[in-house]
Amino acid sequence: GVMRGEEGEGVKSTDDAAKLTLLEPLKRVEGDRSRIRSSPSMLLPSKALAQLAGMGFVDTPPGLDGVRRLAPLVVQVGDEVYPTLSLRSVMEYWRAKPENVHVVLGDAITIDAPLAHRRIPIDETGAYRVNYRYALEGATAYGYSALMSGLTELYQRKGPVELPSLTGKIVFVGQVADGLADMGPTPFSPLTPLVLVHVNVVDNILREDYVRQPSTSLIWLAAVMIGAAGLARFSNRKLR
C-alpha cells in the first residue's frame, strides 16, 4: 500500500474496500500516536491482489538532505496503525500475527512469534534508523527478465521451467534501472534503487545488526575532552 495525503484520493481505513483486503492493523501500540507518520487515506493494489496478498506500506520519506536514513516501520491511516513493508515482511517470514507485535513508540517493536523473538529499536515516530550494509552489488540479485519469464511460463503455460530456489528467502522486486522513478540517494550512491532501503532494514532485523547512536551530549563531551587533551599535550611546544 501507499499513503496518500491529498483529500479525496485513495481509500480510508473504514471503507469497505479496505476491510475486504488482507490489511491487518496493529492493536498493541503504546505511546503518542500523533507522532506516527499518518495520512487520511491510502492507495491499495488492484482489488483481486489486495484480497489475496498480505500488505505493507512502502513509504520511506527522505531526510532533509534527501537520504533515507530513517525508515518507518509503522504508519497510521485514519485511526489504524499498520506495518510497513519491512516489518510486514519479517512478520510473514516468522509467521507473526498482529497480536504477536508490541509497539512502544520511542523504544522498540517487539515481535514474539512462533519462529523468532526480536526487539527492534524505533524512535518516537515509529521509524527505524537504517544500518546500511548492502548496495545493489552486495545484495543477492536474480535477473528480473529470467525470473519473470520463468514465472510466466510456470503459471500461465504450466511448462517445465527451472527457477532459482527461493525457499526460505525473502524476495523484494523493485525497479533497479537508471532513469526510473523509484531511485534516490543513499549513503552508497546519489542514485540507488530505493527497494534497497527495505532490503537493508530486513537484513538488519534478521541479523539484529542495529545502529546505536550516542546522545548529542556524549558526542560534545568527547569532543571537549579530546580538545582539552590536545591543548594540554601541545601547550609547551612551538608551533613548528
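Just a few scattered comments:
- The range 206-223 - phi-based ³J(HN,Hα) in whole Hz, Karplus 6.51/-1.76/1.60, Gly and Pro as x: 4, 8, 6, 9, 9, 6, 10, 9, x, 5, 4, 5, 5, 5, 5, 4, 5, 5
- Near MET183, the amide H atoms lying under 5 Å from its own belong to LEU194; only residues 5 or more places off or on other chains count, and H is placed 1.01 Å from N.
- Semi-axis lengths (Å, descending) of the ellipsoid that matches the C-alpha gyration tensor of the range 1-91: 21, 15, 14
- Take the convex hull of the alpha carbons in the chain; its mean projected area over all directions comes to 18.9 nm².
- Choice from MET42, MET55, MET148 with maximal GNM fluctuation in the chain (Cα, 10 Å cutoff): MET148
- Across the range 185-198, computed HN-Hα scalar couplings (Karplus, 6.51 cos²θ - 1.76 cosθ + 1.60, θ = phi - 60°) run x, 9, x, 7, 7, x, 9, 10, x, 6, 4, 6, 4, 5 Hz from first to last residue, x flagging Gly and Pro.
- Per residue accessible area in Å² of the chain, where ligands, DNA and RNA are left out and the probe is 1.4 Å: 61 Å²
- Ordering of 125-133, 102-110, 17-25 by packing [mean C-beta count within 10 Å, highest first]: 125-133, 102-110, 17-25
- Remark on ARG68: its backbone amide H falls under 5 Å from those of GLY63, a criterion applied only to residues 5 or more positions apart or on other chains, H modelled at 1.01 Å from N.
- Accessible surface of the chain, 1.4 Å probe, proportion on carbon and sulfur as whole %: 55 percent
- PHE172 - accessible surface, heavy atoms, 1.4 Å probe, Å² rounded to 10: 50 Å²
The values are calculated or read from the model by the stated rules, or taken from the named source; none is laboratory data. Small disclaimer: the values here were computed from a predicted structure and weren't measured. In this analysis, Cβ positions are derived from the backbone assuming ideal geometry, glycine residues included, and neighbour counts consider all displayed protein chains. Ligands, DNA and RNA are stripped out before the accessible areas are found, and what is left, the full protein with its side chains, is counted by its heavy atoms. Shrake-Rupley method; radii C 1.70, N 1.55, O 1.52, S 1.80 Å.
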